[in-house]
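Data block below; observations after.
The values are calculated or read from the model by the stated rules, or taken from the named source; none is laboratory data. Here the structure is a predicted model, which is why all the values come from computation and not from measurement. When we count neighbours, we look across all protein chains shown, and the Cβ atoms used for this are built from the backbone with ideal geometry, even at glycine. Just so you know, the surface numbers come from the protein's heavy atoms only, side chains and all, with ligands and any DNA or RNA stripped out. Shrake-Rupley method; radii C 1.70, N 1.55, O 1.52, S 1.80 Å.
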Amino acid sequence: MLIGRKTMSVRGMTCLASSPYAKQMDLGPDPRQHRGMPPSAFHEVLVELVRRSAEVLAPAWARALPVLDPALPVTCVDTSASEPLVVERRADLVLLFGDAAKPSLVLIAEVQLRVDAAKPWAWSQYVVAMRNRWKCDVALLIIAPDPKVARWASKPIPLEVRGGSIRPLVLGSREFPRMDLADLAGHPHATVLHALMHCRDLTDVPLAQQALVDIEMLPSQERVGYYRILQRHLSPSFLALPEADMIPIELRYFQEWLDDAKAEARAEGRANGSHAQLVRTITRQLGRTVALPGPEALARMEALPLETLEQLAEDLLDFGSIDDLDNWLARH
């Protein structure tokens with residue numbers, strides 16, 4: 001299975017994917033804090049997890065979605081390596097069921113983290129464009145971890161004045177196909193995806209534990225990235241699991257250092273000493289996780305208002321390289 005800009009073949013299903021995630025695991029800001037920016041990094045992580053676990057998920061999806069035929073062969077290709085259609089670059093995943101050259105069904109899969117009034121317009125464009133290109137039936141699948149977003153996404157999308165509409169298939173945290181731990185074992189991407197979909201309140205401890213164990217199979221940088229995303233998006237009791245001892249200590253305890261530094265900064269207002277302490281804490285953590293900032297970046301950090309500096313302290317845990325700091329400072 002080849003990831004990135006190369007073709008990925010999975011049981012004959014063709015998957016046209018737009019995620020840049022394979023270039024670098026950049027987990028970015030918390031998606032629960034929408035700032036009018038491009039798709040959040042958490043969104044990209046979920047898209048990539050679906051793409052990389054397609055072989056494992058296909059049978060489970062077929063059981064949950066009656067429009068899919070589990071007997072059909074499936075092949076997966078990256079959209080960036082295929083015909084440069086704008087809709088394919090914007091859609092998260094396009095799955096072709098049947099013959100890759102002449103599929104019997106096209107499934108457009110979109111990960112949706114928040115209510116967005118503009119998305120149904122885009123989704124209707126995807127459906128019409130895919131019908132025109134492939135000349136076959138098309139279904140729209142929305143994967144929405146938040147139950148409120150799942151309910152919103154399930155509403156029919158009007159197409160014309162006489163009542164024609166698109167009825168999305170929606171998999172929320174409750175509807176997302178649940179697989180047995182035995183079937184997930186050895187498939188870290190599918191296990192992490194299941195944990196993120198089913199363990200937001202950590203009611204399923206065995207699944208969270210299995211995710212921590214399976215992550216150990218991955219390369220170091222990817223492994224640390226998934227630790228970060230699980231730590232951020234699962235219940236706080238996630239870190240109390242015995243398996244959480246595998247998480248690098250700097251990731252487990254940085255949040256405590258950060259909270260202490262921010263508390264002191266808030267207590268003393270904008271006093272130079274508190275501001276400087278937070279800059280030192282950020283610089284120290286950057287040195288541990290990516291690299292020490294250069295003089296220019298350090299000067300820009302020192303010039304940031306306290307509130308912006310606190311946001312940097314939250315976001316830096318997701319940086320994959322020192323370039324992420326430069327990009328962050330350029331946006332702020």
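I'd like the full set of residues that are open to solvent by 50 Å² or more (accessible area, probe 1.4 Å) and closer than 25 Å to ALA150 by Cβ, limited to the range 182-204.
ASP183, HIS187, ARG200, ASP201, THR203 - these are the residues of the range 182-204 that are open to solvent by 50 Å² or more (accessible area, probe 1.4 Å) and closer than 25 Å to ALA150 by Cβ.
For residues in the range 136-159 being without any contact (Cβ under 8 Å) to a residue 24 or more places away in the chain and over 24 Å from the mean Cα position of the chain (by Cα), which is nearest to HIS43 (Cα to Cα)?
PRO156
Can we say ARG162 is open to solvent by 10 Å² or more (accessible area, probe 1.4 Å) and touching a Pro at 6+ places or on another chain (Cβ under 9 Å)?
On the way: open to solvent by 10 Å² or more (accessible area, probe 1.4 Å): yes; touching a Pro at 6+ places or on another chain (Cβ under 9 Å): no.
So ARG162 does not fit the description; no.
Quick one: would you say VAL224 is among the β-branched types (Val, Ile, Thr) and modelled with pLDDT under 90? Let's see the steps before the verdict.
Details: among the β-branched types (Val, Ile, Thr): yes; modelled with pLDDT under 90: yes.
For VAL224, the condition - among the β-branched types (Val, Ile, Thr) and modelled with pLDDT under 90 - is met.
Within the range 137-158, count every residue that is within 17 Å of VAL106 (Cβ to Cβ) and open to solvent by 60 Å² or more (accessible area, probe 1.4 Å).
Summing the residues that are within 17 Å of VAL106 (Cβ to Cβ) and open to solvent by 60 Å² or more (accessible area, probe 1.4 Å) in the range 137-158 gives 1.
Any idea which of ALA122, ALA109, ALA139 is part of a helix (DSSP H, G or I) and either in contact with a Leu (Cβ under 9 Å, 6 or more places away or on another chain) or farther than 25 Å from GLU55 by Cα (or both)? Break it down into steps so the answer makes sense when it comes.
Details: ALA109 fails: part of a helix (DSSP H, G or I); ALA139 fails: part of a helix (DSSP H, G or I).
Result of the check over ALA122, ALA109, ALA139: ALA122.
Every residue in the range 171-198 that is more than 23 Å from ALA139 (Cβ to Cβ) and either more than 15 Å from the chain's Cα centre (by Cα) or in a loop (DSSP other than H, G, I, E, B) (or both), please.
Answer for the range 171-198, where residues must be more than 23 Å from ALA139 (Cβ to Cβ) and either more than 15 Å from the chain's Cα centre (by Cα) or in a loop (DSSP other than H, G, I, E, B) (or both): ASP180, LEU181, ALA182, ASP183, LEU184, ALA185, GLY186, HIS187.
How many of the residues in the range 201-231 are more than 29 Å from SER321 (Cβ to Cβ) and touching a residue at least 12 places away in the same chain (Cβ under 8 Å)? Reasoning before the result, please.
Let us first name the residues in the range 201-231 that are more than 29 Å from SER321 (Cβ to Cβ), namely 201-207, 209-210.
Filter once more, keeping what is touching a residue at least 12 places away in the same chain (Cβ under 8 Å): 201-202, 205-207, 209-210.
So the count comes out to 7.
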